[in-house]
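Enquirer: Handing you this structure, nothing more for now.
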Amino acid sequence: MTKPCLILQLRPERPAADDEYRAILRTADLDVGDTVRVLMDREFPDIELDDFSAVIVGGGPSNVSSPEAEKYDYQKKFEPKLKKLMTEIIGRDFPYLGACYGLGILADVLGGSVSEQQYGEPVGAQTIDLTEHGRNDPLLPGIAQSFRAFVGHKEACQDVPPGAVLLAGSADCPVQMIRVGQHVYATQFHPELDSDGLALRIEIYRHAGYFEPHQAESLIELGHRESVTVPSEILRRFIARYCRG
């Protein structure tokens, strides 16, 4: 690896952010030295894309579609800078993988509709179905046409963003994975998440409005019953393709 992978995180809850980061490293067999990690709730330094091989933006409690007055203070600081970076990523067709919020910010910059109007999904696993474009995408050869993935989001794309190709959807959320250009990807589901990571997030976000607090234990139990393997393979392939040459 000649250039590090830039990982941009927006979870102010340190245990959740640390677990997300470790999951990315573990899934893609990366060392800490293979990445540059930015905790956007703390800072957003000047970023030169040429210093990196790819950019990954994860999820978190921030919603792109929240009214400005309701956004977290740290979100108000990092989001304009992130939108500027996203504009450059799209313009250069720079390798990018966004997950959950990482899809929402991409869709918003593209001029798509992101809102809580419909297509939010409760915490847990959903069946994801590849489209014809997904089955023929260079990142997804041999990926199962239908697979399980962990989700949990209040807002979603209301339609396929302008200029994007739909790669996958689900019964309750039609836009689950898109590609823009040849190298810009994003998923609504969480490619880094396994059942242990889901259990941790359920505990951390028990009172964040994703589910009723008394449901936490049953949701954790349901998560441990799931076999979720394909999403991490997609993440592994992205990093192998763009960060390992």
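The values are calculated or read from the model by the stated rules, or taken from the named source; none is laboratory data. Everything numeric here is computed off the predicted structure, so don't read it as measured data. Every residue, glycine among them, receives a Cβ derived from its backbone with ideal geometry; neighbour counts consider all protein chains shown.
Enquirer: Please indicate, with yes or no, whether at least one residue in segment 33-42 is surrounded by fewer than 17 Cβ atoms within 10 Å (Cβ to Cβ) and modelled with pLDDT under 95.
Expert: Checked segment 33-42: at least one residue is surrounded by fewer than 17 Cβ atoms within 10 Å (Cβ to Cβ) and modelled with pLDDT under 95.
Enquirer: Checking the structure you have, find out if any residue of segment 48-57 is under 16 Å from the mean Cα position of the chain (by Cα), surrounded by fewer than 21 Cβ atoms within 10 Å (Cβ to Cβ) and within 23 Å of Arg201 (Cβ to Cβ). Outline the logic, then answer.
Expert: The first filter runs over segment 48-57 and keeps only residues under 16 Å from the mean Cα position of the chain (by Cα), leaving 54-57.
Now drop any that are not surrounded by fewer than 21 Cβ atoms within 10 Å (Cβ to Cβ), which leaves none.
No.
Enquirer: Oh, and also: Pairs needed: first member in segment 16-30, under 19 Å from Ala240 (Cβ atoms) and at pLDDT below 95; second member anywhere, assigned to a helix (DSSP H, G or I) and basic (Lys, Arg); C-beta distance under 7 Å; at least 6 residues apart or different chains.
Expert: From segment 16-30, the pairs are Thr27/Arg236; Ala28/Arg236.
Enquirer: Same structure again: Within segment 58-102, track down each residue that is part of a helix (DSSP H, G or I), in contact (Cβ under 8 Å) with a residue 40 or more places away in the chain and crowded, with 17+ Cβ neighbours inside 10 Å. Give the derivation first.
Expert: Taking segment 58-102 as the starting set, the residues that turn out to be part of a helix (DSSP H, G or I) are 68-70, 73-92, 101-102.
Now drop any that are not in contact (Cβ under 8 Å) with a residue 40 or more places away in the chain, which leaves 74-75, 78, 82, 89-90, 92, 101-102.
Hits for segment 58-102 are Tyr74, Gln75, Phe78, Leu82, Ile89, Ile90, Tyr101, Gly102.
Enquirer: With buried (at least 18 other Cβ atoms within 10 Å of the Cβ), modelled with pLDDT under 95 and either within 29 Å of Leu219 (Cα to Cα) or in contact with a Lys or Arg (Cβ under 7 Å, 6 or more places away or on another chain) (or both) as the only criterion, which of Gly169, Gly152 stands out? Don't jump to the end; show me each part of the working.
Expert: Numbers: Gly169 fails: modelled with pLDDT under 95.
Sole residue among the options that is buried (at least 18 other Cβ atoms within 10 Å of the Cβ), modelled with pLDDT under 95 and either within 29 Å of Leu219 (Cα to Cα) or in contact with a Lys or Arg (Cβ under 7 Å, 6 or more places away or on another chain) (or both): Gly152.
Enquirer: Additional query: Would you mind telling me which numbered condition in (1) assigned to a helix (DSSP H, G or I); (2) in contact with a Phe, Trp or Tyr (Cβ under 6 Å, 6 or more places away or on another chain); (3) among the acidic types (Asp, Glu) Asp41 fails?
Expert: For Asp41, the failing item is (1).
Enquirer: Hey, another quick one. For Phe52, all conditions in the list (1) farther than 20 Å from Ile178 by Cβ; (2) among the hydrophobic types (A, V, I, L, M, F, W, C); (3) touching a His at 6+ places or on another chain (Cβ under 9 Å) hold save one; what is the number of the exception?
Expert: All conditions are met except number (3).
Enquirer: While we're here: Test Gln117 against the stated conditions and say whether it is more than 17 Å from the chain's Cα centre (by Cα), within 15 Å of Gly169 (Cα to Cα) and surrounded by fewer than 22 Cβ atoms within 10 Å (Cβ to Cβ).
Expert: On the way: more than 17 Å from the chain's Cα centre (by Cα): yes; within 15 Å of Gly169 (Cα to Cα): no; surrounded by fewer than 22 Cβ atoms within 10 Å (Cβ to Cβ): yes.
Spelling it out, it is not the case that Gln117 is more than 17 Å from the chain's Cα centre (by Cα), within 15 Å of Gly169 (Cα to Cα) and surrounded by fewer than 22 Cβ atoms within 10 Å (Cβ to Cβ).
Enquirer: Do any residues in segment 41-53 that are more than 18 Å from Arg14 (Cβ to Cβ) have Cβ atoms under 8 Å from those of residues that are basic (Lys, Arg), where the two are at least six apart or on different chains, and which pairs are they?
Expert: What qualifies is Leu49/Arg92; Asp51/Lys3; Phe52/Lys3; Ser53/Lys3.
Enquirer: Now a separate question. Scanning segment 175-212 for residues that are among the aromatic types (Phe, Trp, Tyr), in contact with a strand residue (DSSP E or B) (Cβ under 6 Å, 6 or more places away or on another chain) and surrounded by fewer than 23 Cβ atoms within 10 Å (Cβ to Cβ), which turns out farthest from Gly59 (Cα to Cα)? Break it down into steps so the answer makes sense when it comes.
Expert: Applying the first criterion (among the aromatic types (Phe, Trp, Tyr)) to segment 175-212 yields 185, 189, 205, 210-211.
Still in the running and in contact with a strand residue (DSSP E or B) (Cβ under 6 Å, 6 or more places away or on another chain): 185, 189, 210-211.
Those still in the list that are surrounded by fewer than 23 Cβ atoms within 10 Å (Cβ to Cβ) too: 210-211.
On the way: Tyr210: 14, Phe211: 17 Å.
Checking each candidate, the answer is Phe211.
Enquirer: Shifting gears a bit: Which members of segment 220-245 meet the condition of being over 25 Å from Val57 (Cβ atoms) and not charged (D, E, K, R)? Show your work before the answer.
Expert: First pass over segment 220-245, keeping only residues over 25 Å from Val57 (Cβ atoms): 220-222, 224-225, 227.
Listed by number, the residues that qualify are Ile220, Leu222, His224, Ser227.
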